[in-house]
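J.: Pasting a structure below so you can have a look.
Read-outs: derived from the displayed coordinates by stated rules, not from any lab. Everything quoted here is computed from the prediction, not taken from an experiment. When we count neighbours, we look across all protein chains shown, and the Cβ atoms used for this are built from the backbone with ideal geometry, even at glycine.
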Amino acid sequence: MSTASPQRAYRPDIDGLRAVAVLLVLLDHIQVKRFAGGFIGVDVFFVISGYLIGAHILNDLDAGTFSLARFYERRFRRIVPALLAVLLATTFLAYRYFFPGELVAFGQTEVGALFSFSNIVFWQQAGYFDLPSLLKPLLHTWSLGVEEQFYIVFPLLLLLLSRLLRKHLAAVLSILTALGFVAACFYTAHARTAAFFLAPLRAWEFLLGTLLVLGILPALSRPWQRELAAAAGLLLILVPALLYTENILFPGLGALPPCLGAALLIASGQAGPSAVSRLLASPPLRAVGLISYSLYLWHWPLQVFQKTNRILVPDRYPQWVAQIAVLAASFFLAALSWRFVEQPFRTGIFRRSRLPVFASAALLASCLAWYGHILANFGWFLPPYMPRSAAYLDSTRTSEDPLDLRWGTCYVEPSSFPAAFQPSICLADLPGKPHYLLLGDSHAGVLYPSLKAGFPQLNLSQLNVTGCSPTLHHPAWLPADCSAVSRFLFEDYLLLHPVDTVLLVARWKPWDLDNLGETIDWFRQHHIRVILFGPSIEFDQSLVRLIEIAHHDHDPAVLARHREPLAVQIDQQMTVLARDQWHIPYISILQDLCSPAAQSAAETAAGCPVYGAPGVAVLYDTDHLSYAGAHLFVEAIQSRRQLP
């Protein structure tokens, strides 16, 4: 095993590649639509990190100077000071602006970020009713958790392999990389959240970078080879950044192009210059690359608190103004952080003062960890000025509902179907009552108590699975368990237990409409009556939070600006399809709730009610009806005599 000395020389093109990676992440996170796939920048970082850290370790092993203590000290100085600065600022902002339940979740993630396991925290939290990403100012620290967990094991692995299999190190790491990639592809298809967050399933990306140190690719000695490899590498990064969306199966195969692109760019720069490497080594990109770590740390908390609390730009300004403000503030704070936090601890005045530096960092980390632990487990030290509507925002699915939603029994998550679902309770056929079956996702689940109370003459049974529309077929990116629900329903239960009427309720998306037509035909062929419910009112942020913003800013137009137009468009399409093509009864939640009768006793926004009852928002998040909202809707159904 040998490593060439140039691999320890400074590579300005790699700083430029860092700049490309972090800029792609920023453009994605501030919601520039053309860069919806910018999240692949994190994978580029992983390959770069594997290359640089692998080169340092392997060179030190060759020279006989490798020290685990020195390695971990370098990692500490690189990662911890800037992270602590961001955590301190983010903790202050969270305490100032977050609602109680959000603060509890923040406390959990803060402890995870401090001790490099936030990726595991986010993996465990992931679920349909998890807080949205815009309420997780430390969500981006998952990648730090992955990286640090990898570097706990990686130097030990290289140390062991260099002693036992020195001549076969490249072959062994190649096998581990291939096995890791295959495992990542498998878990992406079957357990996507685990594949995204867990370090063992991301390890192949770091190892790919390390393989470059070992000369796994042939030398690109000729200029045309370097030019071709560099151009191909840049395209393999930029094309996914421009074309990928949140619906792509990722990481797995989806992560391969940007990782190969990063590897080609690094490899081409090893052999000599190219047009792309000269571009990457240009002063502007190098400058961004130097501050890329601090830039990555600061940008996401700023985006979160701008989106939720307008800390930089008032809500009335266009989105592009807020995007520029977040970018400008991120660069400003990153530059300060690099100059006054990163550099002093890595190469400046605190370079030699080990004991004071480590003791101070340990004290600050302990204080933050203590506060995060208290928040996460006990909810103490919450701000005293929480708004009156915050309590409802933080209520559980059942705590304020007069009737049980039957969560965990008849209303379940895809991963718990069919184990948790109890047909004997949820699908009971009561003689003497018309049998109505409420089918759908969580939008159906929140309606069950109000429908049950409003129509006691019906035998209302229930099969509700979060995230699964009640159709025969589903898009490939939905959980595989949704197909299991459809098979149970259409190939088993309804063939043996015909019902009088099915009520189809979901958070409908454009791709559902074709599937809906096929599904309605199936019900018609089996002599089952269908009543179709349209989409709910929807906002791009929690309605409760928007109400507080509107009250605080004395700006009622906030609600109209944050109304999601897609739900209105789909409702209009479904109205026409149900009447002219499917020939079935259609109940429009939007038309019923936004009618003059429904609005008479409630404030309205964009033509729809804000409150379902005094002090209780009509939605408990962005799109799910609260109990009061569902009750208001059922009253509208009763007044129009739309059921039974």
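J.: Output the 0 to 90 degree angle, nearest 10, between the alpha-carbon long axis of helix 100-114 and the longest principal axis computed from the alpha carbons of the chain.
T.: 20 degrees
J.: Next question. Please tell me the relative contact order of the stretch 133-262 in percent, rounded to the nearest whole number, where contacts are Cα pairs under 8 Å and at least six residues apart.
T.: After rounding, I find 27 percent.
J.: Counting other beta carbons within 10 Å of each Cβ, put Y620, Y317 in order, fewest first.
T.: Y317, Y620
J.: Another question, if that's okay. Between beta-carbons, use under 10 Å as the cut-off and find the net charge around K452, counting Lys and Arg +1, Asp and Glu -1.
T.: Around K452, the charge tally is 0.
J.: With θ set to phi - 60° and the Karplus curve 6.51 cos²θ - 1.76 cosθ + 1.60, what are the ³J(HN,Hα) couplings of the stretch 37-43 in order, to the nearest whole Hz, using x for Gly and Pro?
T.: Calculated HN-Hα couplings, in order: x, x, 4, 5, x, 5, 5 Hz.
J.: May I ask for the Kirkwood hydrodynamic radius of the stretch 212-295, worked out over all distinct Cα pairs and given in angstroms to one decimal?
T.: Hydrodynamic radius (Kirkwood, Cα pairs) of the stretch 212-295 is 13.9 Å.
J.: Rounded, prolate or oblate: which fits the stretch 248-295, taking a ≥ b ≥ c as square roots of the Cα gyration tensor eigenvalues, rounded meaning a/c under 1.5, else prolate when a/b beats b/c?
T.: oblate
J.: Cβ neighbours within 10 Å, averaged per peptide: list 508-517, 225-234, 22-31 in order, most packed at the top.
T.: 22-31, 225-234, 508-517
J.: Let a ≥ b ≥ c be the square roots of the eigenvalues of the Cα gyration tensor of the stretch 122-272; is it rounded (a/c under 1.5), or, if not, prolate (a/b larger than b/c) or oblate?
T.: Since a/c reaches 1.5 but b/c is at least a/b, the shape of the stretch 122-272 is classed as oblate.
J.: Right, something else. At a threshold of 8 angstrom on Cα-Cα distance, excluding pairs fewer than six apart, so keeping six or more, what relative contact order does the chain reach in percent?
T.: 14 percent
J.: Could I ask something else about it? Rounded to the nearest 500, what is the 222 nm mean residue ellipticity of the chain from helices alone, with -39500 (n - 2.57) per DSSP H run of 4+ residues and division by all residues?
T.: -18000 deg cm²/dmol
J.: Moving on. Work through the residues other than A484 whose Cβ is under 15 Å from its Cβ and net out their charges, Lys, Arg +1 and Asp, Glu -1.
T.: Around A484, the surrounding residues sum to -4.
J.: Related question: Does the stretch 80-126 classify as rounded, prolate or oblate by the C-alpha gyration tensor (a ≥ b ≥ c root eigenvalues; a/c under 1.5 gives rounded; else a/b over b/c gives prolate, otherwise oblate)?
T.: oblate
J.: So how tilted is helix 319-337 from the main axis of the chain? Cα-based, degrees 0 to 90, rounded to 10.
T.: Compared with the principal axis, the helix lies near 30 degrees.
J.: Can you tally the net charge around G180? Count Lys and Arg as +1, Asp and Glu as -1, for every other residue whose Cβ sits under 14 Å from the Cβ of G180.
T.: -1
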